[in-house]
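**Q** Here it is, the structure, as structure tokens.
The values are calculated or read from the model by the stated rules, or taken from the named source; none is laboratory data. Please read all numbers here as calculations on a predicted model, not as lab measurements. Methodologically, a virtual Cβ is constructed for each residue, glycine included, from the backbone with ideal geometry; neighbour enumeration extends over all protein chains shown.
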Amino acid sequence: MQKICARRQILRLYRLRNQNAAVGIHGGRKNTARCKRDHYAWEQRKLGDLLEERNSQRSQSNSYPLVSFTVENGVTPKTDRYQREQLVRGDKAAKKYKVTYLDDIVYNPANLKFGAISRNAYGRAVFSPIYVTFRVKDKQTVPRFIEGYVKRDDFIKYSLRFQQGTVYERQSVSPDSFLGLPIPLPSIDEQRQIGAFFASLDDLIALHQRKPLW
């Protein structure tokens, strides 16, 4: 939870730093004066221009281990407790799971409201079909930049306008609605810089979390 709060604080600073970019999350007015000054022009795109949903399934194996997806840690290995439960319940090798790969953008449609969205930093794996995983199909798009943007509080709040369902706990944002959301896209060089910034931020947060309180 501390990691999420720290990252959100930086995301707010990131939002303020880029509030005068060419286009905002809600398709705001273009700041032509700034665009003339800046080397990078931010282009308004849809997430569907950049991402494509994966729907392939397969059984878990050594090459495709079964993983979890959590708000705190994103795509992460199953716990020891889960492994023990598997032994008790018997062999489930034939069961099919959804495939995800390194740098996919993953989210839980029902828990997006709680921040359940992240880049797959784990690698090739399988997980529950309830999760949605997108490959980054545009070669001029940096996955770390997409991650940094879709984890923003204001992006998540805006996306919840498109939730469907009558019961709050089951309301969800469908993949089609998600892919229709706007994203301002800078040049690939600036995407790399922003992505590297978030990577160093995560490393710094992880380092502080490992330090003893006293």
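**Q** Quick check: is even one residue across segment 110-125 farther than 29 Å from Arg192 by Cβ, assigned to a loop (DSSP other than H, G, I, E, B), in contact with a strand residue (DSSP E or B) (Cβ under 9 Å, 6 or more places away or on another chain) and not hydrophobic (A, V, I, L, M, F, W, C)?
**A** yes
**Q** Gly123 versus (1) under 21 Å from Pro186 (Cβ atoms); (2) modelled with pLDDT of 95 or more; (3) not aromatic (Phe, Trp, Tyr): which is the lone unmet condition?
**A** (1)
**Q** Moving on. Give segment 130-171 a look and list any residue that's surrounded by fewer than 20 Cβ atoms within 10 Å (Cβ to Cβ) and of a type in the set (Gly, Ala, Ser), or say none.
**A** Selection gives Gly165 alone.
**Q** Something else: How many residues are of a type in the set (Gly, Ala, Ser), assigned to a strand (DSSP E or B) and out of contact with any helix residue (DSSP H, G or I) (no Cβ under 9 Å at 6 or more places or on another chain) if we restrict to segment 54-70?
**A** Going through segment 54-70, the residues of a type in the set (Gly, Ala, Ser) turn out to be 56, 59, 61, 63, 68.
Of the ones still in play, those that are also assigned to a strand (DSSP E or B) are 59, 68.
Within this subset, residues satisfying the condition of being out of contact with any helix residue (DSSP H, G or I) (no Cβ under 9 Å at 6 or more places or on another chain) are 59.
The qualifying residues number 1.
**Q** Oh, and also: Do you know which residues across segment 143-197 are in contact with a Pro (Cβ under 8 Å, 6 or more places away or on another chain) and among the β-branched types (Val, Ile, Thr)?
**A** If the condition is that a residue be in contact with a Pro (Cβ under 8 Å, 6 or more places away or on another chain) and among the β-branched types (Val, Ile, Thr), then Val173, Ile194 are the ones that fit.
**Q** Taking into account only those residues within segment 152-171 that are within 18 Å of the chain's Cα centre (by Cα) and assigned to a loop (DSSP other than H, G, I, E, B), which is modelled with the highest pLDDT?
**A** Gln163
**Q** Considering Arg144, Arg124, Arg119, which residue is basic (Lys, Arg), touching a Lys or Arg at 6+ places or on another chain (Cβ under 7 Å), more than 12 Å from Gly74 (Cβ to Cβ) and in contact (Cβ under 8 Å) with a residue 24 or more places away in the chain? Don't jump to the end; show me each part of the working.
**A** On the way: Arg124 fails: touching a Lys or Arg at 6+ places or on another chain (Cβ under 7 Å); Arg119 fails: more than 12 Å from Gly74 (Cβ to Cβ).
Exactly one residue qualifies, and that residue is Arg144.
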